[in-house]
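What follows is a single structure, written as structure tokens, with notes after it.
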Amino acid sequence: MERRKVRGHYEELASEYDEHWVYGSHYVPWMAGQITEALELGPSDRIADVGSGTGLFAREVADQLQPCSPILCIDPSEAMLSQLGTQPPAGLMAIVASAEDIAEGRTRLPYEQLDAMWLKESVHHVADPERTLRGLADRLALGGRMLVVMLPTTIQYPLFKAALARFEELQPDPAVIEGYLRSAGLEASVRFVEHELRISRDKYLGMVRARYMSLLSTFSDSEIEEGIDEMKVAHPENELVFPDRFAFVLARRRGQST
């Protein structure tokens, strides 16, 4: 998917993004807790959420962590970051930039180095992930951690068949991302976490119609409607229950910060 189209997709979705991503009241706190635990975040860490969108997860991490320095919410979409408000909540700082801008040094950060950063479901939008991850790794302090949160190569979402097939065609392999991080000189590993989602069928169909996943923006309006008709037949139940499984690719720069 072209980056220009990706950016346009998120510009259009910005005002409704949080609504489409909050599957239920437990989802965001659960994911934020998983990120905090995996990165071993502490209040004194200098932290960045790269590809933060509206700051949905960074906001929750900040609430849980109460960081001494603001978490950097980095995203190329001004419309997405504008959902933080003209004055971002305490513990957050908005920075309009892409992952490539940070990796290549085109955008300077308020922190000389970072102790921790995460990329949640954004690495597949990066044109050259190996080069970009290497550049991001260079921004880490000694002992700094990077977490790439991504879907595995297959998912069990109740989507229509063509969407699932296209997802498998486009989704990067977490093992490949792990290899890129190792090549960047980091210690890296992959583990999987899973959360059960329960959502009303009507709400989920509305999310699909709104193209809540960037993948869905590759389908025309008529293809989306045909897909929704297919989903209605396959899932007559009022509540959809399915696993949301993520690969957590965790990397660390050797050494200890001073």
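The values are calculated or read from the model by the stated rules, or taken from the named source; none is laboratory data. For clarity, every value in this text was computed on a predicted model and none was experimentally measured. When we count neighbours, we look across all protein chains shown, and the Cβ atoms used for this are built from the backbone with ideal geometry, even at glycine.
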Quick one: residue 68 ticks every box in (1) modelled with pLDDT under 95; (2) of a type outside the set (Ser, Thr, Tyr); (3) touching a Ser or Thr at 6+ places or on another chain (Cβ under 8 Å); (4) assigned to a loop (DSSP other than H, G, I, E, B) bar one, so which box is it? (1)
Test residue 131 against the stated conditions and say whether it is under 25 Å from residue 43 (Cα atoms) and of a type in the set (Lys, Arg). no
Could you check region 203-258 and list, in sequence order, the residues that are within 30 Å of residue 42 (Cα to Cα) and basic (Lys, Arg)? 245, 252, 253, 254
Region 183-195: number of residues that are surrounded by 13 or more Cβ atoms within 10 Å (Cβ to Cβ) and not β-branched (Val, Ile, Thr): 6
For region 14-50, enumerate the residues that are small (Gly, Ala, Ser) and either modelled with pLDDT under 95 or in a helix (DSSP H, G or I) (or both). 14, 15, 24, 25, 32, 33, 38
Residue 241: passes all of (1) assigned to a strand (DSSP E or B); (2) buried (at least 18 other Cβ atoms within 10 Å of the Cβ) but (2)
How many residues are out of contact with any strand residue (DSSP E or B) (no Cβ under 7 Å at 6 or more places or on another chain), among the aromatic types (Phe, Trp, Tyr) and assigned to a loop (DSSP other than H, G, I, E, B) when one looks only at region 142-179? 1
Considering residues that are of a type in the set (Gly, Ala, Ser), touching a residue at least 12 places away in the same chain (Cβ under 8 Å) and more than 20 Å from residue 136 (Cα to Cα), the number found within region 78-125 is 4
In region 148-175, which residue that is among the aliphatic types (A, V, I, L, M), surrounded by fewer than 21 Cβ atoms within 10 Å (Cβ to Cβ) and touching a helix residue (DSSP H, G or I) at 6+ places or on another chain (Cβ under 9 Å) is nearest to residue 109 (Cα to Cα)? 151
Is it the case that some residue within region 80-99 is surrounded by fewer than 22 Cβ atoms within 10 Å (Cβ to Cβ), at pLDDT 95 or above, part of a loop (DSSP other than H, G, I, E, B) and touching a strand residue (DSSP E or B) at 6+ places or on another chain (Cβ under 6 Å)? yes
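With respect to residue 11, is the statement that it is modelled with pLDDT under 95, surrounded by fewer than 21 Cβ atoms within 10 Å (Cβ to Cβ) and under 25 Å from residue 197 (Cβ atoms) true?
Numbers: modelled with pLDDT under 95: yes; surrounded by fewer than 21 Cβ atoms within 10 Å (Cβ to Cβ): yes; under 25 Å from residue 197 (Cβ atoms): no.
No; evaluated as a whole, the condition is false for this residue.
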Those residues of region 190-216 which are at pLDDT 90 or above, among the small types (Gly, Ala, Ser) and part of a helix (DSSP H, G or I), in sequence order: 206
Here are some conditions: (1) within 25 Å of residue 165 (Cβ to Cβ); (2) in contact (Cβ under 8 Å) with a residue 12 or more places away in the chain; (3) exposed (fewer than 13 other Cβ atoms within 10 Å of the Cβ). Residue 228 meets all but one. Which one does it not meet? (3)
